[in-house]
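In what follows, a structure is listed as structure tokens, so that the remarks can point back to it.
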């Protein structure tokens, strides 16, 4: 009898848990006309227009020149749209390998805090009722290869291959994709001095590539995109100003064609600690205005390089 009572008690608890769980997401089922069968992931759109700002960001616009020494970037970022406000940390390490022509690049969003309004939450089919919380970000790993450098009559050429891990959390809140992605890019750039001493110069550069990420669609398991970017490094003594335009164009045309404009400033004083700032404005399929402020640590600092080293832009 005692065993029967305990069994009935646990069955009752299980039933209550199911009811509560159903009540928890009843609002979502009603809002999105859930068919009662499909997994909720099928209702998400894994494109930058319908995700948090750190899910599928537009990659950097490379300037085709490798960093000459170890470089560590520590920064904070803010992303602001009409329905989503997000703040996060940013960590990046550039480490030369074997020679000055090969380098490893690792970057990471350790944590973000987000706050979405109900309209944005529902447009993304997110299941986070209050639309706010903390999420962990993705780890990226990239290999950079300097194909050409200081070749007479030719621009510098840099090839990179990059992998996004599936470490990002809160897929149900449409913050990250919980799926891997990768992209390749080839950049070209050349420095033109504007003064005899080399303290003033301009370095136009361009980039093309291929960007791939997974989706939850049965008919299209992945989205393929053409990656592109243009920019110019303007060195004015110990300050570098870099305007850049970048984006990618996905195959599905479901908010997967983001374009962003960036303006970056960075000190180049030849010190161990440098400073950086970046303003980014989404122009299409990326509804955010973003700000980055941080420092650059150079443990083996020397005189500032000319032409400028490759950086996140």
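Since every read-out is calculated from the coordinates, none of them should be taken as a lab result. All values derive from a computational prediction rather than experimental measurement. No Cβ is skipped: glycine too gets one built from the backbone with ideal geometry, and neighbour counts run over all protein chains shown.
A crude spin-label estimate for the pair residue 210 and residue 38, with each label 7 Å from Cα along the Cβ direction, gives 3.0 nm.
Relative contact order for the range 44-297: 19 percent, from Cα pairs under 8 Å spaced at least 6 residues apart, divided by residue count.
Using the rule -39500 (n - 2.57) for each DSSP H run of four or more residues, divided by the residues of the chain, the 222 nm mean residue ellipticity is -3500 deg cm²/dmol. Counting neighbouring Cβ atoms within 10 Å and putting the fewest first, the residues 271, 164 line up as 271, 164. For the pair residue 284 and residue 115, a Förster radius of 25 Å applied to the C-beta separation gives a FRET efficiency near 0.60, rounded to the nearest 0.05. In plain terms, the residue of 65, 152 with the fewest other Cβ atoms within 10 Å comes first and the most crowded comes last, giving 152, 65. Gain on full extension, evaluated as 0.36 nm per residue between residue 261 and residue 245 minus their Cα-Cα distance, stands at 5.3 nm. The angle separating the long axis of helix 2-24 from the principal Cα axis of greatest extent in the chain is about 50 degrees. Just to be sure I understand, if you calculate Cα extents along the principal axes in Å for this structure, which of [x] 93, 39, 36; [y] 52, 43, 39; [z] 65, 48, 43 do you get? Derived directly from the coordinates: [x]. In plain terms, the residue of 100, 266, 77 with the fewest other Cβ atoms within 10 Å comes first and the most crowded comes last, giving 100, 77, 266. Here the extension length gained between residue 100 and residue 199 equals 33.4 nm, from 0.36 nm per residue of separation less the Cα-Cα distance. Rounded to 0.05, the FRET efficiency of the residue 220 and residue 151 pair, given R0 = 25 Å and the Cβ-Cβ distance, is 0.05.
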